[in-house]
Each structure stands twice: as C-alpha cells, then as structure tokens.
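Derivation of every value follows stated rules applied to the coordinates shown; laboratory data play no part. Fair warning: this is a prediction, and the values are worked out from it, not measured in the lab. Backbone-built Cβ (ideal geometry, glycine too); neighbour counts: all protein chains shown.
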Amino acid sequence: MKTQVYWAAREVLRQKRRVLLLFLVSFAAMLTILSALTNATAAFWQQETFAGSLAFSMETILHLDYGDLEESPSLPRTLRRYRAYIAGLPGVQAVGRFDATGMYFSELKDRADYQAINSRVLAGGKYENYPGISRLLSVDEALLPFVRGNLMEYAQPASGALPLYASEVFAGILPLGTRLTDERTGEVYEVAGYFPRGCRWVEEDDLIRFPMVSLDGWFIAPLASSGDGDLMTQLSCLHNTYVRLEADADPGAVALAIQAYPAQHGFTAKAVLLSEEFRDYRRETGAFTRRQAALAVFVAGMAAASLLSVSATGILLKRREYGVLLACGFTLRDLAFGMALELLLVVGPAALAAWLYKLLEFAGSDDLFREILLAAHWRVSLPLCLAAALLLTAVSAAIPAGMILRCQPCQLTGGETNGVD
C-alpha cells in the first residue's frame with residue numbers, strides 16, 4: 001500500500017501540466033454537479049423541515065382560501081361572523097389566524113439599548129435600516145402551538161393589558177411586567193414571558209414553499225379584539241386562517257359546510273387540507289428535482305468522458321514504466337490501484353475545492369432560501385460530492401487501466417517511452 005501511494009503521489013507531482021488540466025476539468029464538472037444536486041436536495045430538505053416542524057397532523061388542518069372580497073367597511077363583520085359559523089360546525093376544534101408584521105412600540109422605538117440589540121438581529125433583513133422597529137407575530141391562542149417548540153398558551157396579565165412574549169435576546173432590557181404601546185392602534189401590551197432562541201414560525205406568504213422564519217428578536221402576542229373591526233388587520237390575516245379539526249372529524253364534510261356559507265352571503269371561500277397542499281407542492285418540486293438529477297447525471301457523464309480521454313492518454317504513454325513495474329514484482333492489482341489512486345489525488349481535491357467554492361457562494365448570498373441551501377449543501381451535497389469524486393475516478397481509470405492490464409510485460413516494455421511534462 002505504501003509503495004503504491006508513493007508512486008501515485010510522485011506521478012502527480014512530476015506531471016504538472018497534465019495534472020492541472022485534470023484538476024480544471026474536474027473542478028468545472030463538480031461545480032455544475034454540485035449546483036444541480038444542491039438545488040434538488042434543497043427542495044427535499046425544505047419539505048422535510050416543514051413537515052417535521054408542525055405540531056399538528058396535516059390531515060387535521062384545513063387552510064381557508066378566500067376568493068375576491070370587496071374591501072368594504074362591513075368586511076370585518078362579515079369575516080367575524082364567518083369564523084364564528086365555522087367554529088360551531090361539528091368536527092371543528094378551533095379556528096385560528098396569525099399575522100406577522102413590523103410595527104413600533106412607542107416606548108422602544110427610540111431606546112438606544114433596544115436599537116443596539118435589535119440592529120444585530122435585523123442585520124441582512126428587510127428591516128435592517130430601521131433599528132427602532134419591532135417584529136410582532138400576532139397569533140390566536142388556538143393556533144399558538146402550530147409549530148413544535150413554541151408557546152402553548154397565553155397568560156393573561158392582571159392589569160388587563162394584552163400578554164406579550166419577547167424573544168430571549170431582549171430579556172436583559174425588558175423585564176417582566178414592562179408595558180408597551182402599539183403606536184398605530186394604541187393597544188397596550190405587557191411582557192408576560194420570554195421564548196428561547198431558536199424558535200421558528202412558518203412564513204406568512206406561503207408556509208409550505210418558503211423557509212421557516214427564525215423568531216429571534218421577535219415578539220408574540222394574541223390578536224387584539226380591536227383588530228376584529230379593523231379592515232387592515234382582517235386583510236392581513238386572510239391568507240393565514242386555519243381550521244383545526246377533531247381527530248375523528250370528516251374533513252370532506254367540514255370543507256363542504258365551510259364552502260356553503262360564503263355562497264349564501266355574497267363572497268367565495270373554500271377549505272383545503274394542509275396535507276393536500278403539501279402533496280401538490282411535492283408534485284411540483286418532483287419534476288424540478290428529476291430535471292436537476294438528470295442534469296447532474298449528464299454532466300457527470302461528460303466529465304467522466306473528458307477525464308477518461310486525458311487519463312487514457314497519460315496511461316498509454318507510460319506503458320513501458322508499467323511493464324518495468326510488473327517485471328520488478330508489482331502485481332496487476334497493484335498497478336490498477338496505483339492508476340486509480342493517481343487520478344483520485346487530482347479529482348478528490350478538485351471536488352472539495354468545488355464544494356468549498358459553492359459553500360462560500362451560498363454563505364455570502366442574500367437568497368431567501370439561503371439557510372435551506374446551506375443545510376442541504378452541508379448535510380447532503382458533501383457526501384454526494386465525495387461519492388461523485390470516487391465514481392468519476394473509478395469510471396475514468398477503469399477503461400485505460402484495463403487496456404494496460406490486458407498486455408503482457410514484454411509487450412509493455414517494448415512500447416513508447418514515458419511522456420513526462
């Protein structure tokens with residue numbers, strides 16, 4: 001083993017131009033392969049992350065999907081009555097909404113200590129230039145435990161103010177009992193507790209297709225009762241209204257009843273199981289994933305062909321050396337192992353260099369899916385990258401090595417002289 005490694009390393013060091021060509025071909029191929037693999041696995045990773053984060057079965061959650069609504073002063077009342085109707089249907093456990101927004105607390109927006117901490121958690125986001133803003137997740141208590149590891153219920157302050165839970169990052173400057181006022185609505189909140197770092201919530205624009213949102217630096221509170229009459233608040237929650245079903249409920253029957261009410265009151269709405277929306281998303285991404293996998297296979301094939309061409313030329317030019325090695329006691333297995341190892345010493349570093357290049361590219365991007373891409377690149381693409389390097393080495397070395405190994409030592413020693421750069 002030690003002799004073959006020494007021989008392979010010596011060959012790599014003395015054939016610099018040929019090695020550089022092999023390295024560049026391998027690097028370019030692995031960049032394309034890694035891009036395809038990471039894009040394909042990121043979609044899968046996103047699905048698994050979402051499914052594993054939910055505390056409720058997707059078979060027991062209906063998502064309300066509203067049609068066109070007339071934005072009239074009576075709309076909040078119409079929606080309030082609609083939710084009350086749904087909550088009273090057999091098989092319905094609760095109806096819940098959430099709204100994620102940026103707002104200002106009068107007591108915090110100009111505080112230097114708050115802005116100093118808030119600036120750090122806002123860095124790189126859409127509010128990074130607004131250090132006085134506060135990100136508030138307003139959630140009905142029925143929907144509060146929707147995501148694993150989150151709050152389960154609200155504790156009502158004795159003062160009558162709305163309970164407000166702050167991210168742990170603010171614990172040092174916002175003691176329990178601190179009262180804060182919403183600058184726009186005048187609602188008064190009281191800090192009733194904290195939630196730990198690392199808590200997450202679903203993305204309000206599309207909880208299935210978009211990555212989970214980190215709640216570090218956020219506040220969580222119930223939706224204020226005054227919001228039931230506020231048109232802006234009602235519109236903000238339209239897309240994020242969910243119905244929790246009893247375990248033995250008939251989702252189809254409940255969905256039909258939910259759809260019947262709007263038809264009788266001049267608007268349109270329907271309810272779709274979250275599991276059905278998730279299956280639709282899987283079908284959408286399945287086609288994309290297959291195309292990315294096919295691209296990776298095609299590029300790998302082209303790379304193998306290029307490496308095969310370059311490595312075959314080098315191996316054939318060294319026929320006399322192989323004949324001498326056989327005559328000096330090397331076995332055919334020793335030669336085959338040395339040829340493959342020589343190629344691996346070039347393809348392996350090229351693959352790792354390509355992986356590091358893509359890692360830096362993802363880490364420095366402002367892509368919405370940056371965290372998902374990084375997770376997929378670390379946990380999935382790295383082992384696939386190493387496997388691809390081994391496969392390319394095996395394919396590229398097999399054919400030229402087989403050509404040499406079929407020859408007798410006397411045939412090899414009468415061949416051409418070795419080509420050395």
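Some points to look at:
- The three principal axes of the Cα atoms in the range 30-91 give end-to-end lengths of 59, 30, 14 Å, sorted in falling order.
- Between 0 and 90 degrees, the angle of helix 16-53 with respect to the longest Cα principal axis of the chain falls at about 30 degrees.
- Computed over the range 98-168: relative contact order in percent, which uses C-alpha pairs under 8 Å that are six or more apart: 31 percent
- Taken about its Cα centre, the chain carries a charge dipole of about 2460 debye when Lys and Arg each add +1 at the Cβ and Asp and Glu each add -1 at the Cβ.
- Bridge type composition, the range 131-222 - antiparallel percent by DSSP, nearest 5: 40 percent
- Close amide H contacts of LEU54 (hydrogens built in the peptide plane, cut-off under 5 Å, sequence separation of 5 or more or a different chain): ARG148.
- Viscosity 0.692 mPa s, 37 °C: Kirkwood-radius Stokes-Einstein D of the chain over Cα pairs, µm²/s: 125 µm²/s
- Computed from the Kirkwood radius of its Cα pairs, the Stokes-Einstein diffusion coefficient for the range 68-267 at 37 °C and 0.692 mPa s stands at 180 µm²/s.
- Label-to-label distance for HIS265 and ASP334 is 8.7 nm, based on points extended 7 Å past Cα in the beta-carbon direction.
- Here the 3J(HN,Hα) profile of the range 293-306, calculated from phi with Karplus coefficients 6.51, -1.76 and 1.60 at θ = phi - 60°, is 5, 5, 4, 4, 5, 4, 5, 4, x, 5, 5, 4, 5, 5 Hz, Gly and Pro shown as x.
- DSSP beta bridges in the range 68-267 [antiparallel fraction, %, rounded to 5]: 65 percent
- Bridge type composition, the chain - antiparallel percent by DSSP, nearest 5: 75 percent
- Structure remark: mean-square fluctuation, Gaussian network model of the chain, C-alpha springs under 10 Å; the largest value among ALA253, ALA397, ALA350 belongs to ALA253.
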